[in-house]
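Structure, as structure tokens:
Read-outs throughout are calculated quantities, based only on the coordinates presented, and are distinct from any laboratory measurement. Computed from a predicted structure; not experimentally measured. Ideal geometry is used to build each Cβ from the backbone, glycine not excepted, and the neighbour counts take in all protein chains shown.
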Amino acid sequence: MLIKTRGIVLNYMRYRETSIIARVYTEHLGLQTYIVNGVRKAKPPGRIALFQPFTLLDLVAYTSRQGGITRLSEYRCEHQFRSLPYDVRKSSVVLFLSEMVSRTVLEEEQNEPLFSFLHDSILAFDAQEAGFENFALTFLLQLASYLGFGAEAGSEITTQVAFATETTNAARGIGPAALRFQEFDGYFDELMQHPAHVTIPNGRVRRELLEVLIRYYQLHVEKLGDIRSLDVLSEVLAE
């Protein structure tokens, strides 16, 4: 059976000589995995660009009662980005966030509020011309709510992370975790309440906040693992 749906590309891997296997979060089916035939052929050119992270697509896809990998019948770009593929800073944010989403959004069922949040956030980020250095932080704070472990205050995040860190350090025979986690409470509160007006002094603090948030996610998402793209993002947004 065929179904029409919108989709958000998360990532892909090469498959055979000219095809790919793409993971796409769809509006009507949740997370799906598709074989896309011939997309890496030289002619017609440019089709592989449609499967870069966070590309928004209109799809006609095959479905199966057994689930698993299916195929795309048709696909086209839903929205032509103005800046995401062309701004290295934004591209680094997209790479990081798409990795986070691909490791945390795993349900193969419809979740319209979550899809709308992801879709609208991507469009807003593409349209934002300046002041987007903290976008990854606000995005992750909001995404946590859709995943069921959103915090109402920064202290909820830092307390959980500090406790987990102290427990780990004690097991390793290391001293207690630094109380400086509490320094981040105010930043998280501002990011949740007034994201457009928060001031984070530099890239070092921004990375520390991201590391705390990733640790918070690791406490709630089983087998999240290390996020490889964080280093790239930190270098690009260092200032």
Scanning region 130-160 for residues that are within 19 Å of the chain's Cα centre (by Cα) and polar (S, T, N, Q), the one nearest to residue 236 (Cα to Cα) turns out to be 134
Looking across region 90-131 at residues that are among the aromatic types (Phe, Trp, Tyr) and crowded, with 19+ Cβ neighbours inside 10 Å, the single one that is nearest to residue 157 (Cα to Cα) is 96
In the set 6, 14, the lone residue that is closer than 24 Å to residue 104 by Cα and in contact (Cβ under 8 Å) with a residue 40 or more places away in the chain is 6
Filtering region 194-239 down to residues that are assigned to a loop (DSSP other than H, G, I, E, B), in contact (Cβ under 8 Å) with a residue 12 or more places away in the chain and either under 18 Å from residue 101 (Cα atoms) or in contact with a strand residue (DSSP E or B) (Cβ under 9 Å, 6 or more places away or on another chain) (or both) yields 221, 224, 225, 227, 228, 229
Q.
touching a strand residue (DSSP E or B) at 6+ places or on another chain (Cβ under 6 Å), more than 17 Å from residue 55 (Cβ to Cβ) and not hydroxyl-bearing (Ser, Thr, Tyr): is that true of residue 37 in this structure?
A. yes
Exception for residue 13 within (1) over 20 Å from the mean Cα position of the chain (by Cα); (2) outside any loop (DSSP other than H, G, I, E, B); (3) surrounded by fewer than 17 Cβ atoms within 10 Å (Cβ to Cβ) falls at (1)
Taking region 34-45 and keeping only residues that are crowded, with 16+ Cβ neighbours inside 10 Å and either among the hydrophobic types (A, V, I, L, M, F, W, C) or closer than 23 Å to residue 65 by Cβ (or both), one is left with 34, 35, 36, 39
